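Worksheet for the structure shown next.
Read-outs: derived from the displayed coordinates by stated rules, not from any lab. From a predicted model like this one, the values you see are computed outputs, not experimental measurements. In this analysis, Cβ positions are derived from the backbone assuming ideal geometry, glycine residues included, and neighbour counts consider all displayed protein chains.
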């Protein structure tokens, strides 16, 4: 039968787990908008070695009126043209298999991270970060198949932008876990998600999604102001592979959306246990609570963690 935790120790464990959960939930990587040196080197290698490169990763801006599939096809055509020229020079008896691309990740909009983190601090009555980041964050992301069709379940909204709205609307006494309830966040993702298999490669279709995000997520929290530096930019990333076999070997399913949270679900489960006041007979639970309570126990002169 689970043992009860001392109320003071229970409070400490619960507070620490809530802090960890919040920090993990709000982690979001910066929006990448510039080509890296490695990107340039890989592109140069693929252009000079169209029959020997394995894969070529690209991150591009989608200009107004443009189409993602047309943009990718243009690069693939350049590679194929250079292959034919090389085949003719080498008098190759067997032409190369055509190159191909894989899934496409699309990033919608950008907003200043420092504005959002300062907004959260203001809403919580805290001091803003002393060294604000100059990063820009995407409003949302999604994935398309190689045919440009929306992949079900891939739509993701910025957890930080979403959190600003949740914190602004929170009721008195709500914990941060209740405010950042993962099931409510998932519902928000699904509310904005396009229909499955819908073709979304055209700028106009993606711009329409950006317009809805602006109206329903940015405007209500003041993130449409000049200080937030918002813009409905469209960025996309993809890889071109030497052929279909290379794609089968190299393409990975590592898309996590904008939420870089890997432990929030586990932390939420541990927090519920702590809130219940019960001590689990589990090595993982014991190790976790020992770690959390070590400073408290040391301050009280305890040589070993107290398990009750």
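Each principal axis of the Cα cloud of segment 1-83 was evaluated for its coordinate range; sorted largest first, these ranges are 73, 33, 27 Å.
Efficiency by 1/(1 + (r/R0)^6): what FRET value for residue 15 and residue 256, r their Cβ-Cβ distance, R0 = 30 Å, to the nearest 0.05?
Details: r = 28 Å, r/R0 = 0.92.
E between residue 15 and residue 256, to the nearest 0.05, is 0.60.
Seen against the Cα atoms of the chain and their longest principal axis, helix 283-299 is set at about 60 degrees.
If the chain between residue 291 and residue 205 were fully stretched, how many nm would it gain, using 0.36 nm times the residue separation less the Cα-Cα distance? Between residue 291 and residue 205, full extension yields an extra 26.0 nm.
Rounded to the nearest 0.05, what FRET efficiency do residue 89 and residue 183 have when you use their Cβ-Cβ distance and R0 = 51 Å? Each step should come with its number before you reach the end.
Numbers: r = 60 Å, r/R0 = 1.18.
With a Förster radius of 51 Å, E is 0.25.
In terms of packing, defined here as the mean over residues of other Cβ atoms within 10 angstrom, the peptides 184-192, 120-128, 199-207 line up highest first as 199-207, 184-192, 120-128. Note on residue 147 and residue 298: their simple-model spin labels are 6.0 nm apart, each label 7 Å out from Cα toward Cβ. As a ratio to 2.2 N^0.38 Å, the alpha-carbon radius of gyration computed for segment 135-290 takes the value 1.29.
For the peptides 100-107, 164-171, what is the packing order when you average, over each peptide's residues, the other Cβ atoms within 10 Å and list the highest mean first?
Details: 100-107: 20.4, 164-171: 16.1.
Highest to lowest by the protection proxy: 100-107, 164-171.
On full extension, the segment bounded by residue 237 and residue 80 gains 54.5 nm, given 0.36 nm per residue less the C-alpha separation. In this label model, residue 61 and residue 126 are separated by 3.4 nm, measuring between points 7 Å along each Cα→Cβ vector.
Stick to the Cα atoms of the chain, pair each with every other, and give me the Kirkwood hydrodynamic radius in Å at one decimal.
22.5 Å is the Kirkwood radius here.
Working from Cα positions, state the angle (0 to 90°, nearest 10) between the long axis of helix 7-25 and the longest principal axis of the chain. Roughly 10 degrees between the two axes.
Would segment 130-179 count as rounded, prolate or oblate if I go by the C-alpha gyration tensor, calling it rounded below 1.5 in a/c and otherwise prolate when a/b exceeds b/c, oblate otherwise?
oblate
A simple packing score, the average count of other Cβ atoms within 10 Å per residue, orders the peptides 131-140, 57-66, 247-256 as 131-140, 57-66, 247-256, with the highest score first. Based on C-alpha pairs under 8 angstrom that are at least 6 apart in sequence, segment 84-237 has a relative contact order of 32 percent. Axis angle, to the nearest 10 degrees, between helix 113-124 and the longest C-alpha principal axis of the chain: 20 degrees.
Across every pair of non-identical alpha carbons in segment 53-175, the mean reciprocal distance, once inverted, gives a Kirkwood radius of 18.6 Å. Once each part is reduced to its C-alpha centroid, what is the distance from segment 194-260 to segment 104-166 in angstrom? Spelled out, the Cα-based centre of one part sits 11 Å from the other.
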